[in-house]
Every structure is written in structure tokens, then in C-alpha cells.
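Read through the structure below, which is laid out as C-alpha cells, and then see the notes.
The values are calculated or read from the model by the stated rules, or taken from the named source; none is laboratory data. No experiment lies behind these values; they were computed from the predicted model shown. Here the Cβ positions follow ideal geometry from the backbone for every residue, glycine too, while neighbour counts run over all protein chains shown.
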Number of protein chains: 2
Amino acid sequence: MKLPWALECQLQRDAGLSFIEYHALARLSEDPAHTLRMSELAMLTNASLSRLSHLVKRLESRGLVRREVDPEDGRFTNAILTKAGYKLLVASAPGHVTRVRSLVMDEFSAAELRQVRQLADRLLTRIDASD
Amino acid sequence: MKLPWALECQLQRDAGLSFIEYHALARLSEDPAHTLRMSELAMLTNASLSRLSHLVKRLESRGLVRREVDPEDGRFTNAILTKAGYKLLVASAPGHVTRVRSLVMDEFSAAELRQVRQLADRLLTRIDASD
DNA sequence: GCGCGTGACTTGACAATTCAAGTGAGACTC
DNA sequence: GAGTCTCACTTGAATTGTCAAGTCACGCGC
């Protein structure tokens, strides 16, 4: 409960972004076209479609993202990272990464990190299987 | 991110309580007098005082908790678990415990659980130290 | 015993989230 | 080709959380 909160604080203070906003931008930036379907982005950020819709609307009003109906199939909506959104992400990523390092990576050895990851993966698998 | 959410769902569905509401009731029930200061309860539930104040007001309006000014010192407010609150907690605890077991405890061996705990403690210590 | 500061809440306005309906595009059926 | 289904969102209202003031009780110095 405390780790996400600690990261929230850092991001809010230094970049004016919430954790989920940051990750939405980050996920978009990882796509070659800086573009993802709303539903896919919702999956990737663990958000409901409704939550993402509101969130993207806010990001859009701040000029960080824009939306376009998929020209191939009018049922889909694409969220697209704008230049400004990309710039903000690039500007705020180092601070965020530093914070993650200092809170998590630096505490554990490489072997311990592998352990953490393995344990967490098992937990995640179990949770996902339990719906 | 997913574990708290999975627990939320179970509690909301089976007991009509959010995770934090459940834990507030649980913490109160652990005290011999079923009573805690607002500030102490806020600490124990990792909530801000403001959040707890709103939350307890809602619980109070549902008759699960009541508030009394500390007779010893008028600056403190005590939150007190009511009979109804205790009954609800007792009724919903087994389902919650079962869920926690099936998602977490059952996945890991005793030795692994000790490891998880040790790793998590180190993480928590580091986070708490970083304010 | 009168101000003054501090600490423990409480409150109200605002922002974010959820929930339940609504919309609208394509697929499928006949 | 008209009707129906499903899926991918979108929207609006109600709930919940946060932030910035406010309130109110006690302790302390003078």
C-alpha cells in the first residue's frame, strides 16, 4: 500500500502527474506509433475502461494526448501521445526512475530482486486465475 | 496493485465494506475496549486524518461505529465500535480470511512466506525512512 | 488569568473513481 | 437489407478521496 503512494507523491510533486497518468503516457511512448487503443491501454494500466476514458479526456484537455477513431474500424478509439505529452514524459522519467531505484532496486541484491520477481509473479498468476 | 483490488472486490461483494472500512473495524475490534483515538486509527489504517474523519462519519451513519470526545482530554475523539459494527465484522471476517489464504498463503510454503515477509519489511523500512 | 501556539480533529469545495445507462459501429441472421 | 447482437467505448450521477481552511481544547509563558 505504501510503495505506490510514495511513487504517487514524487510524480505529483515533480511532474504534476498521477501514477496512472504517468503510466498511460509511458505505455503510449513504448508503442512505435505512440498509439494504443483505449481498451488496450486500459488493460496495460489496470484501469477500467470508464476510468481510462475520463482520464484520457483530462490528459487530452491538457494537450498531452489526443483521440482518434480508428479509420479501419469505427468501433475502436486510438489514444495518441502528442509531442507535448512525449516531452513531459521524457522530462519526468529520470526523476521517477531515480525514485524507484532508491526505494526498491538499491535495497536488494540482484539475486534478491530475482527472488522478489519470482514470488510476485506467482502471486500475480494466482490472482489473475481467481476471477 | 492487483492484490488490494482483489480483496476489495471480495469485501464489497460479501460484506458491503471497502478494504479500509473493514480494516478500521478490525483494528477497533482488536482493542479491548473496542475504542481508538481517531489519530491512532488513522495511523493504523494508513489513512490521512481527513480521510478517516469522512470515513468514520459514514460508518457512524450506518451505525457501525460511534464517536465520543475523550472525557479525559477534549482534544481527542474516540471512535468506538458498536455492537452492530462488531457483528458485521465477525460475519464478514471468515470470508475475507478465506480469500487472503487462497490468494496468498496457499501459494507459498512457510519458508517462502518468511522470505516474503523479510523482503517486504526491508522495503517498508526503506520507504518509511525516505520521507 | 490572558493571549498564543500546538495538536487533533472537522468541514467544504474540488478532483478522481465507480457504477449504471446510453451510443454507435460492425457482424451475423434470416 | 432489416433487425438484432456484441463490443468498445462515453457519459452523468453518486460516491469517495484530497487539499486547504477552519474550529476547538489544552498547555505554557508572563
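For the reader, a short list of remarks on this structure follows.
- Selection count, region A:2-47, where residues are on the phi < 0 side of the Ramachandran plot, outside any helix (DSSP H, G or I) and either more than 12 Å from chain B (Cβ to nearest Cβ) or acidic (Asp, Glu) (or both): 8
- Near pairs, Cβ below 7 angstrom, 6+ apart or cross-chain, from region B:98-119 (closer than 28 Å to A:Asp106 by Cβ and touching a residue at least 24 places away in the same chain (Cβ under 8 Å)) to any residue that is surrounded by 14 or more Cβ atoms within 10 Å (Cβ to Cβ) and not charged (D, E, K, R): B:Val104/A:Leu123
- Of the listed requirements (1) closer than 30 Å to A:Ala120 by Cα; (2) without any contact (Cβ under 8 Å) to a residue 60 or more places away in the chain; (3) of a type outside the set (Lys, Arg), B:Ala33 misses just one: (1).
- Scope region A:20-52; condition among the acidic types (Asp, Glu) and more than 13 Å from DNA strand D (Cβ to nearest atom); matching residues: A:Glu21, A:Glu30, A:Asp31
- Looking only at region B:44-62, residues that are surrounded by 14 or more Cβ atoms within 10 Å (Cβ to Cβ) and either within 17 Å of B:Val100 (Cβ to Cβ) or over 9 Å from the mean Cα position of the chain (by Cα) (or both) come to 9 in all.
- Single residue of A:Leu7, A:Leu55, A:Leu64, A:Leu59 found to be closer than 30 Å to B:Thr45 by Cβ and within 13 Å of DNA strand C (Cβ to nearest atom): A:Leu55
- Test: residue in region B:77-96 that is within 11 Å of DNA strand C (Cβ to nearest atom), in a loop (DSSP other than H, G, I, E, B), touching an Asp or Glu at 6+ places or on another chain (Cβ under 6 Å) and away from every other protein chain (no Cβ under 14 Å): no
- Restricting B:Leu55, B:Leu28 to residues that are among the hydrophobic types (A, V, I, L, M, F, W, C), closer than 30 Å to A:Ser48 by Cβ and modelled with pLDDT of 95 or more narrows the list to B:Leu55.
- Residues located in region B:97-108, provided they are touching a Leu at 6+ places or on another chain (Cβ under 8 Å), in a helix (DSSP H, G or I) and farther than 23 Å from B:Leu28 by Cβ: B:Leu103, B:Met105, B:Glu107
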